[in-house]
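This report concerns only the one structure given below.
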Amino acid sequence: QMLSLQDASLLPPALSAALEDVRTNAESMPKTQLLEQLNEQWGADWRDKVDPRGFEVESPVAAASLGQVHSTHLLDSPTQRLAVKVQYPGVSNSIESDPNNLARLVKYTAVAPKGLYLDEILRVGRLELLTECDYTHEATQQTKIRQLVASDPQLSRVNVPQIYPDYSTPQILTMDWAPGVSIEQALTYCDQTERNRIAKTILRITMTELFTWRLMQTDPNWGNFLYDVDSGTISLIDFGAARSYDKPFVDNYLKLVIAAANENEAEILEHSKALGFLTGEENDIMVQAHLQSGLIVGEPFRKDIGIYDFGNSRITARISEQGSAFLKHRLTPPPEEVYTLHRKLAGTYNLCIKLGAVISCRDLLEETMDGYVFDDSS
C-alpha cells in the first residue's frame, strides 16, 4: 500500500503494478461484520435514526484500503443524501505489524536500493496510516478545509462536504453526499477550455494548501476529486491524509520553488541544503541530478514559458529519469515533510497531464509571492 504511493519508477514494473492493484481494488467487508461495526460505533438503536437499506440491502458504493463507503439518509431528512465511510475492524492493529513484514519481504527480494531509504518510507508511512485510521481527526481536518475553501473567492466552484458530528465516530465518518465522477473522467464530458479550468483549479488548490493554509490533503488519488458535470463544481473528499506544515519549512520550500522557477541553480542548492535534501557532501552526479529535478519541477512556473503544455511536457517522466542517480548517490533521506508533499505535487502534475492541460502557471506563483511574508523578512 505505502510503496504503491511512491514514484513507480523506483520499483520494478511487475511489483509496482501488483501494489497498485492492492491499493485500488480492496474487498468490502462481509455484511455481518459491517453490521457489527455499525452496532459498536453507532449503538444498537442506529436503525431508529438512519435508513438501514444503505447497509443491509445495498452494496457499498466504494471500497478502499481502510474502509468502505455507503449511501444513505437520516430518517428525518429523506431528501438529504449522505455518504458514510465505515472503517474495517482491526485495520489499525495491522498497521503496526504489516510494515515490518513488508520490509522483510522487500529486503529479502532485494528490490529496494540503499538510496530509497526504505526504513524511513515505512516509518513515515506507518505514522500516516495510523493517522488516517482516526476518523475523528479526519473530520476535524475536513471541517477546517471546508471553512478555508468557503472563505476563498477564487475557489467558488469548489465544494468540501459537510461533516455530521453526531453520526461520526473514530471509525465511522458521515458527511453530505458529493455528486460527480472521478475527475479524470472529465475527459469524457469536457472540452479543452473546461479541462484547462479544472487543471488550473486543482493546481491553485495545491499551492494554496501549502503556501497559504499550510494544511494540505496529501493523497493524490484522482478519486478524491469529483467533477459534477451539470454544475462544473469540483468536490474534494477524503481528508485522512491531510497534514499541516510549519512556517519555517514552507518559507524555505517557497524559496526553493521560486529559485527553480527562475532557474537560479545557486539558490536551488542553498535552499535544498536548508531543507535537508542535501548535506553539502554529495558528488557531482548527485548534485546535477538534484538540480535537474528542481529545474524540471519549476519549469511550468518560468517567466519565459507563458502557456505550459502539460500533455506534451513529459514532466513527471523526466523527473523520474533522475531517479537512478538519487538511488545510487543520495547521502541522506529527504525531509519527512516531503514524502507526503511530493506525492501530492506529483499527483497534481499527473492530473494536469491526464487532462491535457494547456495553462499559464506563472501567475499562480506570482499571486502566492504577492503579500507572502517570510519569517526572516527575505
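The values are calculated or read from the model by the stated rules, or taken from the named source; none is laboratory data. Because the structure is predicted, anything quoted here is derived from the model rather than measured. Every residue, glycine among them, receives a Cβ derived from its backbone with ideal geometry; neighbour counts consider all protein chains shown. Ligands, DNA and RNA are excluded from the accessible area calculation, which covers all protein heavy atoms including side chains. Shrake-Rupley method; radii C 1.70, N 1.55, O 1.52, S 1.80 Å.
Any residue that is open to solvent by less than 40 Å² (accessible area, probe 1.4 Å), in contact with a helix residue (DSSP H, G or I) (Cβ under 9 Å, 6 or more places away or on another chain) and free of Cβ contacts under 8 Å to residues at least 24 places away in the same chain - is there at least one of those in segment 146-166? Checked against the condition, which is being open to solvent by less than 40 Å² (accessible area, probe 1.4 Å), in contact with a helix residue (DSSP H, G or I) (Cβ under 9 Å, 6 or more places away or on another chain) and free of Cβ contacts under 8 Å to residues at least 24 places away in the same chain, segment 146-166 yields no hits at all. Here residue 291 fulfils each of the conditions (1) farther than 22 Å from residue 220 by Cα; (2) of a type in the set (A, V, I, L, M); (3) at pLDDT below 95 apart from (3). For first residues located in segment 177-198 and over 28 Å from residue 60 (Cβ atoms), partners that are at pLDDT below 90 and surrounded by 15 or more Cβ atoms within 10 Å (Cβ to Cβ) and lie 6+ apart or on another chain with Cβ distances below 8 Å form the pairs 194/186; 195/186. Once segment 44-66 is narrowed to residues that are open to solvent by less than 20 Å² (accessible area, probe 1.4 Å) and free of Cβ contacts under 8 Å to residues at least 40 places away in the same chain, the residue that is farthest from residue 224 (Cα to Cα) is 46.
Checked against (1) in contact (Cβ under 8 Å) with a residue 12 or more places away in the chain; (2) over 23 Å from residue 131 (Cα atoms), residue 243 passes all but condition (2). Taking segment 190-210 as the range and being part of a loop (DSSP other than H, G, I, E, B) and buried (at least 17 other Cβ atoms within 10 Å of the Cβ) as the test, only 190 passes. Looking across 219, 230, 238, one residue alone is farther than 17 Å from residue 341 by Cα and either part of a loop (DSSP other than H, G, I, E, B) or polar (S, T, N, Q) (or both). It is 230.
For segment 79-90, a residue qualifies if it is open to solvent by 20 Å² or more (accessible area, probe 1.4 Å) and closer than 19 Å to residue 42 by Cα, and the qualifying residues are 81, 85, 88, 89, 90.
The set of residues from segment 54-98 being assigned to a helix (DSSP H, G or I) and among the aliphatic types (A, V, I, L, M) comprises 91, 95.
When every residue of segment 91-99 is checked against the conditions, at least one turns out to be modelled with pLDDT under 95, of a type outside the set (Gly, Ala, Ser) and closer than 26 Å to residue 277 by Cα. From the list 299, 263, the lone residue that is under 17 Å from residue 350 (Cα atoms) and of a type in the set (D, E, K, R) is 299. Screening residue 19 with (1) at pLDDT below 95; (2) open to solvent by 40 Å² or more (accessible area, probe 1.4 Å); (3) outside any loop (DSSP other than H, G, I, E, B) gives one miss only, at (2).
For residue 37, the stated conditions hold: it is at pLDDT 95 or above and touching a Pro at 6+ places or on another chain (Cβ under 6 Å).
How many residues are open to solvent by 10 Å² or more (accessible area, probe 1.4 Å) and among the β-branched types (Val, Ile, Thr) when one looks only at segment 211-237? Number of matching residues: 4.
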